[in-house]
Amino acid sequence: MSRPSDSTLPSPARAGRAPKLLIAASGTGGHLFPAIAVAEQLTDYEIEWLGVPDRLETQLVPDRYPLHTVSVEGFQKKGLDVLRVLVKFLGATWQTRQILQKGGFRGVFTTGGYIAAPAVIAARSLGMPVILHESNALPGKVTRFLSRWCNQVALGFDAAKKYLPKANTVCVGTPVRSQFLAKAATATLEDLAIPTDVPLLAVVGGSQGAVAVNKLVRQCAPTWLDAGIWIVHQTGANDPDLHSLQHPHYFPLPFYDNMAGLMRRADLVIGRSGAGTLTELAITHTPSILIPYPFAAEDHQTVNAKVFADVGAALLFQQKELAAERLSQTVLTLLKQDPTQLEQMAKQTAGLAVPDSATRLAKLLREQI
């Protein structure tokens, strides 16, 4: 495939209407929240969404933008399942092409993942421009395969450039949910009644939680609580031991809406190292202990975490190597014994923040679509 020529595309000004953009983002908050943040910047565009049935976008998108769905999944299959997935992929690509053609769209913006493949191929077959955003330091397989055919690949981490040598890349950071940038947002957690003068540890496992991390934290929690540390523990919905630990200074919550406030108030975060979590830590300048999800595709969470660990913004531990005693002592050292290290980590974390990422991406889209 060759790159499309923008000069052959109709000008939105000449067309006399707002340009139409199809956003292809699906699956997890890591794909959806950055796309929504960019969409909120593009008030001068008519936006519609491409997603997959029964994924998170069916809950988050319909109240905001018209949602089209196509059935597509990953190719990590064996035997006859590969043929089934291929047939679904071809069908999804054809459906997407029809949506683009009949809908009068000017181009596509995608945040990667399975949905990106039919979106990019369909758009390119029609000569439409495509902007792809990759939030991880190690780009996914879809991004690596299709990036050379996109007009621009916007990166969350500069470290990702080396994996995309044939792509037109630019580092813009990763957009965050608007609550993290709201001027009115505060670090007050009134619903949890946590005093302002106590050390607070937040444990965040992402939207799905992290059962292995949850178990490890509960082994350590009594020691931390005895030392005067308060704990907010976002467990996710799949934690079988949600109520196994009871303490007035320990708050186990399957979900928590005010994540921006929690990260601002927390003195330290323990969490996975998905790109979305890291972006939010950077925006809130919060030091962290990162435990990459060991089964993430190509171990990309470890690559993400190293970006923070290498500059001293976070401490990185592999899950299989992290015993409760070591985690317990590390948290005690940071929160009770060596506050200067915590201050330095916060400073380095702030240096990784790109608070205007959504604005940068919106500008890029206006220039090319």
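Values in this text are rule-based calculations from the coordinates and carry no lab data. As the structure is a computational prediction, the values presented were derived from the model and not from experiment. No Cβ is skipped: glycine too gets one built from the backbone with ideal geometry, and neighbour counts run over all protein chains shown.
Would you kindly derive the ³J(HN,Hα) couplings of the range 335-350 from the backbone phi angles with the Karplus curve 6.51 cos²θ - 1.76 cosθ + 1.60 (θ = phi - 60°), listing them in order in whole Hz, with x for Gly and Pro?
8, 10, 10, 9, x, 5, 5, 5, 4, 5, 4, 4, 4, 5, 5, 4
Quick one: helix 29-41 against the long Cα principal axis of the chain, what's the angle to the nearest 10°, folded into 0 to 90?
60 degrees
Give me the distance in nm between label points sitting 7 Å out from Cα along the Cα-to-Cβ direction at Gln179 and Gln219, one decimal.
Distance between label points: 3.2 nm.
Net charge near Leu164, counting Lys/Arg +1 and Asp/Glu -1 over other residues with Cβ under 9 Å of its Cβ?
Cβ neighbours under 9 Å give a net charge of +4.
If one takes the longest principal axis of the Cα atoms in the chain, at what angle in degrees, from 0 to 90 and to the nearest 10, does the Cα axis of helix 275-284 lie?
The angle comes out near 60 degrees.
Go ahead and collect, in residue order, the members of the range 111-146 whose backbone nitrogen is under 20 Å from a label point 7 Å along the Cα-Cβ direction of Val82.
114, 117-118, 141-146
Rounded to the nearest 500, what is the chain's calculated 222 nm mean residue ellipticity when only DSSP H runs of at least 4 contribute -39500 (n - 2.57) each, over all residues?
-11000 deg cm²/dmol
Enumerate the calculated ³J(HN,Hα) couplings along the range 42-52 in order (Karplus 6.51 cos²θ - 1.76 cosθ + 1.60, θ = phi - 60°), each rounded to whole Hz, writing x wherever the residue is Gly or Pro.
Taking θ as phi minus 60°, the curve returns 9, 5, 8, 10, 9, 10, 10, 10, 10, x, 10 Hz for the range 42-52.
In the chain, if every C-alpha pair distance is counted and binned at 20 Å from zero, what percent goes to each bin?
Going out from 0 Å in 20 Å bins, the chain shows 29, 53, 17, 0 percent.
Among 125-131, 223-229, 45-51, how do they line up by average Cβ neighbours within 10 Å per residue, starting with the highest?
Highest mean packing first, the order is 45-51, 125-131, 223-229.
Under a Cβ-Cβ cut-off of 12 Å, what is the net charge of the residues other than Ser71 that fall near it, where Lys and Arg count +1 and Asp and Glu count -1?
Value of the local net charge: +1.
Are there any chymotrypsin sites (Phe, Trp or Tyr not before Pro) in the range 240-272 that are in a DSSP loop and have at most 15 other Cβ atoms within 10 Å? List them by number.
When the chymotrypsin sites (Phe, Trp or Tyr not before Pro) of the range 240-272 are filtered for loop state and at most 15 Cβ neighbours within 10 Å, Phe255 remain.
Quick one: length gained pulling Arg366 to Asp63 fully straight, 0.36 nm per residue minus the C-alpha distance?
106.7 nm
Per Stokes-Einstein, at 37 °C and 0.692 mPa s, what whole-number D in µm² s⁻¹ belongs to the range 127-196, with the Kirkwood radius over Cα pairs as the hydrodynamic radius?
Translational D for this selection: 230 µm²/s.
Please give the FRET efficiency for Asp44 paired with Val311, using the beta carbon to beta carbon distance and R0 = 30 Å, rounded to the nearest 0.05.
According to the calculation, E is roughly 0.20.
Report the semi-axes of the equivalent ellipsoid for the range 18-175 in whole Å, largest first, where each axis is √(5λ) for an eigenvalue λ of the Cα gyration tensor.
21, 20, 15
How far apart, in nm, are the 7 Å Cα→Cβ label points at Gln329 and Ala212?
Taking the two extended label points, one gets 2.2 nm.
Taking the alpha carbon gyration tensor of the range 200-350, what are the square roots of 5 times its eigenvalues, largest first, to the nearest whole Å?
Working through the eigenvalues yields semi-axes of 20, 18, 15 Å.
Which residue fluctuates the most in the chain, going by a Gaussian network model with Cα springs under 10 Å, if the choices are Gly156, Gly261, Gly107?
Gly261
Peptides 268-280, 108-120: what's the order by average Cβ count within 10 Å, highest mean first?
Ranking, from highest mean packing down: 108-120, 268-280.
Using packing as a proxy for protection, rank 21-28, 136-143, 303-310 so that the peptide with the highest average count of other Cβ atoms within 10 Å comes first.
21-28, 136-143, 303-310
In nm, give the distance between the simple-model label positions of Lys162 and Gln319, each being 7 Å from the Cα along the Cα-to-Cβ direction.
2.6 nm
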